[in-house]
1. Between beta-carbons, use under 10 Å as the cut-off and find the net charge around A67, counting Lys and Arg +1, Asp and Glu -1.
2. Report the local net charge at L43: Lys and Arg +1, Asp and Glu -1, summed over other residues whose C-beta lies under 12 Å from its C-beta.
3. Taking neighbour counts of Cβ atoms within 10 Å as a proxy for exposure, in what order, fewest first, do T163, T83, T41, T94 appear?
4. Among M46, M144, which comes first, then next, by fewest other beta-carbon atoms within 10 Å?
5. Using a cut-off of 15 Å between beta-carbons, work out the net charge of the residues near V136 (Lys and Arg +1, Asp and Glu -1, V136 not included).
6. How many angstrom lie between the Cα centre of the stretch 64-109 and the Cα centre of the stretch 1-42?
7. What FRET efficiency comes out for the pair Q59/L120, r = Cβ-Cβ distance, R0 = 25 Å, nearest 0.05?
8. Fewest first, what order do H174, H97 take by the number of other Cβ atoms within 10 Å?
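Read-outs throughout are calculated quantities, based only on the coordinates presented, and are distinct from any laboratory measurement. The model shown is predicted, which means the values in this text are computed figures rather than measured ones. Here the Cβ is made from the backbone with ideal geometry for all residues, glycine too, and neighbour counts use every protein chain on show.
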Amino acid sequence: MSGYSLFVALHVGAGVIALVAFWLNAALRKGSRPHRLVGRTYLIAMAAVIVSGAPLLVQRVIDGHPATAAFLGYLLLLTATATWLLWRAVRDRTALHRYTGPVYGGLAITNIAAGLGVLLLGLRVDAPLLIGFSAVGLVTGIDMLRKRARLAAQPLWWRSEHTAAVIACGVATHIAFLSLGLPRLLPSVDGAALHYLAWFGPLAVAVVARVLIARRQRRAMLTRTTRPAVVTTAAADVAR
């Protein structure tokens, strides 16, 4: 087996583990020991996907496909950003200043720059996929900078950040499976429409999921903040 084939196998194998771990962890009780163990497995698998993807990028450059290499590098950046946020949101939950430090700011700016670069590249080579997907890096980077000064006002900021990163990692995992794995397993389902659905479908689902989860988290937070007032009022009524 050549070195390139070895990295391809590692990349695919890590992606399969990440896909299985993603759904297994979704079924486990949040905060439980199995949830944490599977979460670590998912994190390691995502790191392996990123590391094994770098040689594939280099090979694209060697083969004379710079546009493909640039887009692959962009995807690796998006995946690395989501994976880093997934990890550090929990690791730095008691130290917001460390979470939003230089690495956070650097990733935000890099995502914006990469998004602009992919947009220009997509316009140059007339590639709708690149043009549409450039918005992911732009929105990610701008949103990170916008939230940087506002997270301190959220008591459970790390939970919402962790959840958003999980969704972003899930998008990367499912796009890889739908766009690369599924057509090889079921060649009959391949086609232009399904190609774009594989890339943008998980994004659409992620946006809906993030809105619904954020709404549920806000309701839960309001319930926690209003409960003491309700109890105090009830106690005062009993005292009278």
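1. In short, +2.
2. +4
3. T94, T41, T163, T83
4. Details: M46 26, M144 20.
Ordered from fewest to most neighbouring Cβ atoms within 10 Å, M46, M144 come out as M144, M46.
5. Details: positive: R210; negative: D143.
So the surrounding residues net to 0.
6. Cα centroid to Cα centroid, the span is 19 Å.
7. Computed FRET efficiency for Q59 and L120 comes out at 0.55.
8. Ranking H174, H97 by Cβ neighbours within 10 Å, fewest first, gives H97, H174.
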